[in-house]
1. Name every residue in region 77-91 that is without any contact (Cβ under 8 Å) to a residue 12 or more places away in the chain and in contact with a helix residue (DSSP H, G or I) (Cβ under 6 Å, 6 or more places away or on another chain), in order of residue number.
2. Is it fair to say His74 is without any contact (Cβ under 8 Å) to a residue 12 or more places away in the chain and closer than 15 Å to Pro35 by Cα?
3. Please tell me if Val31 is within 21 Å of Ser119 (Cβ to Cβ), surrounded by 10 or more Cβ atoms within 10 Å (Cβ to Cβ) and of a type in the set (A, V, I, L, M).
4. Could you look through region 85-133, keep only residues that are within 13 Å of the chain's Cα centre (by Cα) and small (Gly, Ala, Ser), and pick out the one that is nearest to Val69 (Cα to Cα)?
5. Scan region 62-108 residue by residue and report those that are outside any helix (DSSP H, G or I) and either of a type in the set (Phe, Trp, Tyr) or within 13 Å of Leu45 (Cβ to Cβ) (or both).
6. Looking for whichever is crowded, with 16+ Cβ neighbours inside 10 Å, part of a loop (DSSP other than H, G, I, E, B) and not aliphatic (A, V, I, L, M) here; the options are Ser48, Ser118. Which one fits?
7. Of all the residues that make up region 105-133, how many are in contact with a Phe, Trp or Tyr (Cβ under 9 Å, 6 or more places away or on another chain) and hydrophobic (A, V, I, L, M, F, W, C)?
8. Enumerate the pairs (first residue in region 110-128 and under 15 Å from Leu88 (Cβ atoms); second residue anywhere and hydroxyl-bearing (Ser, Thr, Tyr) and crowded, with 17+ Cβ neighbours inside 10 Å) with beta-carbon separation below 9 Å, excluding pairs fewer than 6 apart on the same chain, so at least 6 apart or on different chains.
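The values are calculated or read from the model by the stated rules, or taken from the named source; none is laboratory data. Nothing here was measured: the structure is a model prediction, and the numbers come from that model. Heads up, the Cβs are rebuilt from the backbone with ideal geometry, glycines too, and the neighbour counts pull from every protein chain shown.
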Amino acid sequence: MTPRLPWIIAGLAGAAVAGLLVTKRAGGLVVHPEPRPDVTAERVLPPSPVLHTPGAAEAYAAARSAPQVLDGVHCYCECAKHFGHRSLLTCFESDHGSRCDICMGEATLAMKLASQGSSLDVVRRAIDQRFGP
């Protein structure tokens, strides 16, 4: 191995990480996932196994009633990085959503706005404004 090879590898790794950070943020805002056209609430936990933390029942109900909306929203608790979640909807396919105030807050806000007829773009902007950096 040449003496420069470890430095070359480290440089390439650093460039890859920087590239990921740049592609995840556009203008300082997180890029929201595109909702899958065929997404349903079939994987959202039913009420019985959900922890009875304040706000959990309402948040899981929101996920069950508007899966297309939640599937198009980034979760600001950064569970995508830590748990591999695809979107806010994924948080409610396990008990994660009942343990996280950010997930619950985003879900209830998204559902409230969607039920008032707000578009996905309006929902995303509201979530970015309230929960984003």
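1. His85
2. Here the answer is no, as His74 does not meet what is asked.
3. yes
4. Filtering first and then ranking leaves Ala110.
5. Across region 62-108, the qualifying residues are Tyr76, Ser94, Asp95.
6. Sole residue among the options that is crowded, with 16+ Cβ neighbours inside 10 Å, part of a loop (DSSP other than H, G, I, E, B) and not aliphatic (A, V, I, L, M): Ser118.
7. 4
8. Ile127/Tyr76; Asp128/Tyr76
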